[in-house]
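The values are calculated or read from the model by the stated rules, or taken from the named source; none is laboratory data. All values reported here derive from a predicted model rather than from experimental measurement. Here Cβ is always computed from backbone atoms with ideal geometry, including for glycine, and neighbour counts include all displayed protein chains.
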Amino acid sequence: MSNPNDSSVHLLGWLWRKYLHKHLWLLLAALGFMALEGSMLGALSWMMGPMFDQVFVAGDHGAIWWVGGAILTIFIVRALASVGQKVLLALISQRSAADMRTELLDHMMEQDSAFHQTHPPGFLIQRVQADVEAVGQVWNAIITGAGRDLVSLIILMGVALSVDWQWTLVACIGTPIMVLPSAIVQKFVRRRAREARDSGAKLATRLDEVFHGIIPVKLNRLEGYQSKRYRDLTGDLVRAEVKAKLGAASIPGLIDIMAGLGFLGVLVFGGAEIIAGEKTIGEFMSFFTAIGFAFEPLRRLGSVTGIWQNAAAAIERIKELLDTQPSLTSPALPKPAPKGTPEIRLENVHLSYGDTKVLNGATLLAPAGKTTALVGASGAGKSTVFNLLTRLVDPQMGKVLIGGTQARDLSLPDLRGLFSVVSQDAALFDETLRENILLGRTDVTEDQLAKVLTAAHVQDFLPKLASGLDTPVGPRGSALSGGQRQRVAIARALLRNTPVLLLDEATSALDAQSEQVVQEALDQLARGRTTLVIAHRLSTVRNADKIVVMDKGRVVDEGTHDDLLARGGIYADLHALQFKTDGPTADSLAQAAQDQRRKGNGKAARGSGDPGETSLLSRISRRLFGR
């Protein structure tokens with residue numbers, strides 16, 4: 001931004017078009033009240049003349065009442081106008097800020113995953129809260145400056161000119177001193193304000209990470225470490241804010257210097273005329289009061305420039321966010337969503353994140369109305385398949401088909417309306433249990449809700465809650481156990497009643513008892529739906545209609561649990577390793593897996609001479625990692 005003035009005009013125009021113009025009539029009413037308030041200072045300074053000349057010097061007792069009544073009227077009108085303009089400005093400011101916050105939130109929720117990976121929650125919270133608040137402050141400052149202070153300044157200078165134009169010229173003798181330093185200070189304030197906004201975003205991000213990760217912080221004794229990081233960031237913010245305030249305060253300071261020089265000149269020049277009898281004391285007091293009053297709105301107008309530079313830094317950040325367009329959007333002419341229960345197919349799909357290849361020609365079919373499990377080592381590409389289906393990301397090559405229609409040919413609302421997702425981290429909000437299940441829906445009857453609660457096994461723990469469905473679940477559902485949170489997520493999915501169900505490690509974090517209850521609810525949920533399951537715990541997918549084995553972004557095998565064990569390979573090795581590690585009869589289970597492979601291949605099992613753990617781990621390492 002090489003030209004700050006042009007930038008300011010551009011930003012003000014943007015603010016007016018997007019947020020302020022819709023409040024035009026309220027704004028005009030507020031400006032009217034402010035003009036009335038500002039003009040009262042001119043009227044008061046003008047009344048100094050008759051008060052001194054007719055009352056104090058001439059001793060006219062009759063003038064006391066009309067002069068005093070006029071001054072009282074001035075103060076009453078000023079008070080009423082002040083209240084009116086402040087209320088209207090508060091209304092305009094709060095409504096505009098609310099519109100801006102809502103638009104920011106809506107816009108950021110439209111962004112894709114890549115955006116949120118580079119813009120942490122604390123950064124976005126700072127934009128929505130602190131930056132919008134800074135912009136809200138500028139409404140009052142600029143509008144008040146344009147309405148009340150500018151009108152006051154014009155009228156007061158008019159009173160001063162009506163008394164003596166030469167005195168007025170002398171009073172403004174220090175004005176040239178302000179011009180160049182003021183321009184330099186404005187640039188300085190804008191730079192420091194940008195630094196302060198960025199430091200505030202880093203602080204908000206740090207707080208978000210600490211509070212969301214408070215358990216790991218405590219368990220790893222990271223309190224001191226996190227405190228130091230926060231203290232360092234706070235120091236950066238303090239330095240930036242103090243420098244910004246220093247620059248902003250310099251402009252009114254320059255005005256004070258100009259005012260002092262002006263008063264000195266008027267006293268020297270005008271005092272001689274009064275002594276010579278060329279001017280009356282009343283005229284001098286009227287002029288002196290007008291100029292004295294004029295410097296106060298002038299100081300406030302000077303402060304507006306500092307406030308504006310601070311707000312402009314926030315507006316730049318907000319505008320930058322609102323100008324960011326999502327890379328994943330609905331097509332211009334979307335196709336209708338498939339009817340019924342669709343099959344899901346990936347055909348030669350390639351996907352990379354930067355230089356990291358995630359899917360490398362993945363091809364798979366999930367039959368309609370059946371349960372298909374995706375298994376494989378971490379990083380094999382299983383979760384990426386889910387992201388492709390819901391268009392959280394698009395492939396660089398290949399096709400993602402839902403019921404024969406490419407996912408990218410459907411509108412995003414229609415596409416995502418086909419899926420219900422239950423993951424290991426059930427996203428609950430700090431609302432009541434009822435609201436966390438309904439999520440704003442008002443078309444659900446109590447009978448429908450009761451059936452969903454029973455099917456999802458939420459009814460099992462509901463009587464234990466103090467207020468039943470109206471019990472707050474706490475931040476991120478912290479008032480519920482892991483199993484209870486999962487059952488709430490299943491109840492949501494049942495209520496959505498979509499044709500496709502995605503289960504991402506839905507029971508991996510649960511104890512055995514909770515897993516059994518949740519698995520029963522999941523089985524109920526999966527009936528009649530095309531279901532895809534991601535699982536590391538192979539015992540949870542042994543009954544799947546089809547198991548797809550993924551490795552290094554490719555589908556390397558598929559079949560039923562028994563078929564895959566009989567053929568050997570990655571699935572059999574993973575299965576044997578899990579039961580070797582976790583099972584109470586590890587040796588016998590590992591041997592059984594080897595026997596199945598021997599029977600399926602019709603030849604001696606590899607490593608039969610050493611069925612121990614070392615040989616098994618070596619085979620898995622060679623398959624998974626190429627060594």
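Kindly indicate whether any position in segment 204-214 is modelled with pLDDT under 70, surrounded by 15 or more Cβ atoms within 10 Å (Cβ to Cβ) and within 28 Å of GLU316 (Cα to Cα).
no
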For a quick check of your reading of the model, give me the residue pairs whose first member lies in segment 529-551 and is farther than 17 Å from VAL518 by Cβ and in a loop (DSSP other than H, G, I, E, B), whose second is modelled with pLDDT of 90 or more and among the basic types (Lys, Arg), with beta-carbon atoms closer than 9 Å and at least 6 apart or on different chains. ASP545/LYS370
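Only one of ILE173, ILE142, ILE177, ILE155 is farther than 22 Å from GLN309 by Cβ and at pLDDT below 70. Can you tell me which? Steps first, answer last, please.
Numbers: ILE142 fails: farther than 22 Å from GLN309 by Cβ; ILE177 fails: farther than 22 Å from GLN309 by Cβ; ILE155 fails: at pLDDT below 70.
From the options ILE173, ILE142, ILE177, ILE155, the qualifying one is ILE173.
Within segment 365-478, which strands (runs of 3 or more DSSP E) (wholly inside it) include 3 or more residues that are more than 25 Å from the chain's Cα centre (by Cα)?
Numbers: elements: 371-375, 397-402, 419-423.
Of the strands (runs of 3 or more DSSP E) lying wholly inside segment 365-478, those with at least 3 residues that are more than 25 Å from the chain's Cα centre (by Cα) span 371-375, 397-402.
Please work out if ALA506 is buried (at least 20 other Cβ atoms within 10 Å of the Cβ) and either in contact with a Lys or Arg (Cβ under 6 Å, 6 or more places away or on another chain) or in the same structural domain as LEU418 (by TED's automatic domain parsing) (or both).
Values: buried (at least 20 other Cβ atoms within 10 Å of the Cβ): yes; either in contact with a Lys or Arg (Cβ under 6 Å, 6 or more places away or on another chain) or in the same structural domain as LEU418 (by TED's automatic domain parsing) (or both): yes.
Against the criterion (buried (at least 20 other Cβ atoms within 10 Å of the Cβ) and either in contact with a Lys or Arg (Cβ under 6 Å, 6 or more places away or on another chain) or in the same structural domain as LEU418 (by TED's automatic domain parsing) (or both)), ALA506 qualifies.
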Give me the pairs, please: first residue somewhere in segment 67-86 and in contact (Cβ under 8 Å) with a residue 12 or more places away in the chain, second residue anywhere and among the β-branched types (Val, Ile, Thr), beta-carbon distance under 7 Å, and either six or more positions apart or on two chains. VAL67/VAL55
Check on ALA366, crowded, with 17+ Cβ neighbours inside 10 Å, over 25 Å from GLU110 (Cβ atoms) and out of contact with any helix residue (DSSP H, G or I) (no Cβ under 9 Å at 6 or more places or on another chain): yes
In this structure, is ALA314 closer than 30 Å to LEU12 by Cα and either small (Gly, Ala, Ser) or assigned by TED's automatic domain parsing to the domain that holds SER250 (or both)? yes
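So, LEU374, is that one among the aliphatic types (A, V, I, L, M) and closer than 25 Å to LEU577 by Cα or not? Spell out the reasoning first.
Values: among the aliphatic types (A, V, I, L, M): yes; closer than 25 Å to LEU577 by Cα: yes.
Here the answer is yes, as LEU374 does meet what is asked.
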If the Cβ limit is 7 Å and pairs must be 6+ apart or interchain, which residue in segment 275-286 that is among the β-branched types (Val, Ile, Thr) pairs with which residue that is exposed (fewer than 15 other Cβ atoms within 10 Å of the Cβ) and outside any loop (DSSP other than H, G, I, E, B)? ILE281/VAL57; ILE281/ILE274
Number of positions in segment 199-216 that are without any contact (Cβ under 8 Å) to a residue 40 or more places away in the chain and under 23 Å from HIS119 (Cβ atoms): 5
